[in-house]
Amino acid sequence: MIQTPTPLASSLFSLLTIASLLVAVVMLGSHWLKNYLYAFAAESWVIAALSAAVGFYGHYPELYLIAALTLLFRGLVLPYLIWRIIRRLAVDREIHVILQPGMSMVVGALFVMFAFAVAVRVAGEFHLELTVAVLALTVMLSMKLIGFLMLAVRHEAISQILGLLVLENGIFLGTQILVPGMPLLIELVILFDLLVIVACFGVLVRYLVTHAGTTSSLQLKRLVG
Amino acid sequence: MTGNLLLALTLAPLLAAIGCLAVRRARLAEAINLLAGVVSLAAALPLPFLAGAKPELFLDDYVILDRAAAWVILCTAIVYFLASTYAVGYMRLLKEEERLPRFYALFAAFGFTTLVGPLMNSVGIYWIAIELTTLVSTFLVAFEREAESMEAAWKYIMVVSAGISLALLGTVLFYWAGTFVLGPSYQMTWGVLAAAAPRMNPVVLTLAFLLVLIGYGTKVGLAPMHSWLPDAHSESPAPVSAMLSGALLNTAMVGIVRFLGVTGAAGLGPLPQLALVVFGVLSLAIGALFIVRQQGIKRLMAYSSIEHMGVVALGFGFGGPLGVAGALYHMLNHSLNKSLMFFGAGTVMRAYGTKEIRQIDGVLRRFPAQGALWLAGAVAITGAPPFGLFLSEFTIMRAGMTPSFSWAVYAMAVLLIVIFIGFINHFRAMYYRPTAEEVVEESRASAWCAVPMALAFVPLLVFGLWWPAGMWDYLTSVTQSLSLGVP
């Protein structure tokens, strides 16, 4: 947590965190896989900007490196990899919708309110109710919940991968504001780890198509009991 | 000395993984992986004797060897060795010769990640080690390339990745709580965290612990986060099932136990332990329900793993020297016994060409030696004397006989009896159900498959009859070193 940021810095952080939350809600409001992908890329760029801003105002020069790598990996390489998977599949949107986009946005809004209540309570423990920490915690928790919502109500393999990445983005965003001094090594390895995860998913999706004949988790119901 | 052993322990499977990819010959890959298994086991056996009461640190404090880690690594190395031996016999039955080198490369890499996990001293890097175990083992689960194994692999990676992202959130919150005590930048090791814990904010610590518990609990297979486990365990090749059950679950349990130690040092009161106890009882209940009505032979073993992880969770949740010693001992017993069970299930499954319990009968006539071992293993895994699991479960029950947890002990006793009846009833059907055709030819299973079953069985029986005093002291001393005292 940056000690006493200037008002300008605080508002910049707030703006960027809220922007990334907004993009997460956009993902809930669509059922086109391409839109999820664009939203995810945009979210990663916002997070990269946030890393750079925190690095600048908080005097953590190593965060510039993180920002550059976030932009490269989360903003470009991961979306490219996922775009390649989408291109190979015959599916370009969610077909069986459990929760209509409008309804899932409402549920998402409820999640944000819940996350805010928890964040205020937690930040209150450190007497930080009036700082950007509340916002960071809110966004971190609500992106977590939104990610789980996407995992639960979306069935296409791509939506599920992106749901997982939203979960990770939420945590990553929170760490930039709450614990910018977290050891560089760990952040680097986590970034790298994400790349490996998506590569694994790519291979697995290909297997799913050839061996299970589907990429929708609705069809995966052989194993029960 | 200890450093060199650790090096041998971890480098052997890592080099084997690279070697298997390089040689591209099935027989050679088999031998390389088996050699790595032997080297790891040889390096792991002396570790508990060398691990002192004070943890030893290596590589700029990134690697820790304490008594808990040494013990879990021993369990893992045993399973890795046994499964590598069994794989030689079993994988040849699959007729996938050209893909075998890749299988063994992944298998050795899986062994590497499970051996490395408990040694990680940095909390963040431990998380990454656990994530890596998932990525490697997903492809082992998917190895048979059938629709079912694909489904299992997909569910496995989705559920577990989503689950342990909660553990990452919990880890970040732990770090955040620490920044108010230690300043914005510090190395988050288990020791540093435990030392700073008494001055950290209890509300945030509790929240962080619950997140971590759910996160790593997914990986351990505690109910209700267990949904990936029966699928992954039942659809992967038998040696992989044994590794998943006997090695991976323990590796993830170490994380929960270390975090429990941190909350113990912080003096958070009974909530963290109570949470673990509740998950333990739930796991036993889910295990019991699904074991009684189970139809698939490997799913039966998988639900039994959930049950036993529940028992281990109960042991750590009850805490105190008895609970911790019982739980650690139960880990070893479960690793040995579940390997034996999955090996037997694999052999039977291949011989009868089915996973359905209904279609298997007269096992003892077809496999006199292995069948007898498997049946004895079934008796052992339900916690009947004179095997090790009886002792460890009994110790855990004694640990729980406190006013706050006695309800859990009664629940555990009832559920264990239900599981005993259900489990043994399935075996009665497979062994002694009257069959129409009386002429059954005796199947010849290879020694590669039979020997590891016998090797797993001997220590189960020996340690069930004789619990050395040194081992008892060793296991109880973990209680102090991880500050897992009585609530």
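Computed 3J(HN,Hα) for segment B:105-119, one whole-Hz value per residue from the Karplus formula 6.51 cos²θ - 1.76 cosθ + 1.60 where θ = phi - 60°, is 4, 5, 4, 5, 5, 5, x, 4, 5, 6, 6, 6, x, x, 7, glycine and proline marked x. The order of the peptides A:104-117, A:197-210, A:84-97, B:282-295 by mean Cβ neighbours within 10 Å, most packed first, is B:282-295, A:197-210, A:104-117, A:84-97. Ordering A:Leu78, A:Ala49, A:Ala123 by the projection of their Cα atoms onto the charge dipole of chain A, which places +1 on the Cβ of Lys and Arg and -1 on the Cβ of Asp and Glu, puts A:Leu78 at the extreme positive end. Karplus-derived 3J(HN,Hα) values for segment A:121-128, using 6.51 cos²θ - 1.76 cosθ + 1.60 with θ = phi - 60°, are 4, 5, 5, x, 4, 9, 6, 10 Hz; glycine and proline are entered as x. For peptide A:188-200, the mean count of partner chain Cβ atoms within 10 Å of a residue's Cβ comes to 3.
Rounded to the nearest 500, the 222 nm mean residue ellipticity of the protein assembly as shown from helices alone is -25500 deg cm²/dmol, with -39,500 (n - 2.57) taken per DSSP H run of at least 4 residues. Helix A:33-58 and the long axis of chain A differ in direction by around 20°, with both axes built from C-alpha atoms. The peptide list B:57-63, B:125-131, B:17-23, B:236-242, put in order of mean Cβ contacts within 10 Å with the highest first, becomes B:236-242, B:125-131, B:17-23, B:57-63. A crude spin-label estimate for the pair A:Ala199 and B:Thr402, with each label 7 Å from Cα along the Cβ direction, gives 4.7 nm. Apply the Debye scattering formula to segment B:171-320, with a single equal point scatterer on each alpha-carbon and no solvent, then give log10 I(q)/I(0) at q = 0.10, 0.11, 0.12, 0.15 Å⁻¹. Evaluating at q = 0.10, 0.11, 0.12, 0.15 Å⁻¹ gives log10 I(q)/I(0) of -0.38, -0.46, -0.53, -0.75. Computing FRET efficiency as 1/(1 + (r/R0)^6) for B:Tyr62 and B:Ile417, where r is the C-beta to C-beta distance and R0 is 60 Å, gives about 0.85. Shielding value for B:139-150 is 4, the average number of Cβ atoms from other chains within 10 Å of each residue's Cβ.
Helix B:368-381 axis versus longest C-alpha principal axis of chain B: approximately 30°, rounded to the nearest ten.
Across the protein assembly as shown, the fraction of Cα-Cα pairs farther apart than 35 Å, rounded to a whole number, is 42%.
Ordering B:Val72, B:Val409 by the number of other Cβ atoms within 10 Å of each residue's own Cβ, fewest first, gives B:Val409, B:Val72. In units of the compact-protein estimate 2.2 N^0.38 Å, chain A shows a Cα radius of gyration of 1.05.
One Cα centroid belongs to segment B:23-88, the other to segment B:92-126; the line between them spans 12 Å.
So what are segment B:388-436's ellipsoid semi-axes, whole angstrom, largest first, if each one is the square root of 5 times an eigenvalue of the alpha-carbon gyration tensor? All intermediate terms of the calculation are to be shown ahead of the outcome.
Values: eigenvalues 207, 26, 3 Å².
Square roots of five times the eigenvalues give 32, 11, 4 Å.
Each of the peptides B:455-464, B:375-384 was scored by the mean count of other Cβ atoms within 10 Å over its residues; in descending order, highest first, they stand as B:375-384, B:455-464.
The distance from the alpha carbon centre of segment B:342-416 to that of segment A:35-81 is 51 Å, rounded to a whole number. Separation of the alpha carbons by more than 29 angstrom is noted, of A:Lys144/A:Lys221; A:Lys144/B:Lys355; B:Lys95/B:Lys355; A:Lys221/B:Lys355; A:Lys34/B:Lys298; A:Lys34/B:Lys219, for A:Lys144/B:Lys355; A:Lys34/B:Lys298; A:Lys34/B:Lys219.
Which FRET efficiency value, to the nearest 0.05, do you get for B:Ala53 and B:Val181 by plugging their Cβ-Cβ distance into 1/(1 + (r/R0)^6) with R0 = 25 Å?
Numbers: r = 26 Å, r/R0 = 1.04.
It comes to 0.45.
Could you run the Debye sum over the Cα atoms of segment B:1-73, one equal point scatterer each and no solvent, and tell me log10 of I(q)/I(0) at q = 0.13, 0.24, 0.27 Å⁻¹, two decimals? For the requested q values the scattering log ratios are -0.43, -0.99, -1.14. For segment B:70-208, the Kirkwood radius over C-alpha pairs fed into Stokes-Einstein at 20 °C and 1.002 mPa s yields D = 123 µm² per second. Residues in segment A:37-58, backbone N under 12 Å from the label point at A:Trp83 (7 Å along the Cα-to-beta-carbon vector): list them, ranges by number please. From segment A:37-58, the list is A:37-39, A:41-42. P(r) tail, chain B: Cα-Cα pairs separated by more than 33 Å, 32% of all pairs.
Just so you know, all these numbers are worked out from the coordinates, no wet-lab data involved. What you see is a predicted model, and the numbers here were worked out from it, not measured in a lab. Note: ideal-geometry Cβ built from the backbone for every residue, glycine included; neighbour counts use all protein chains shown.
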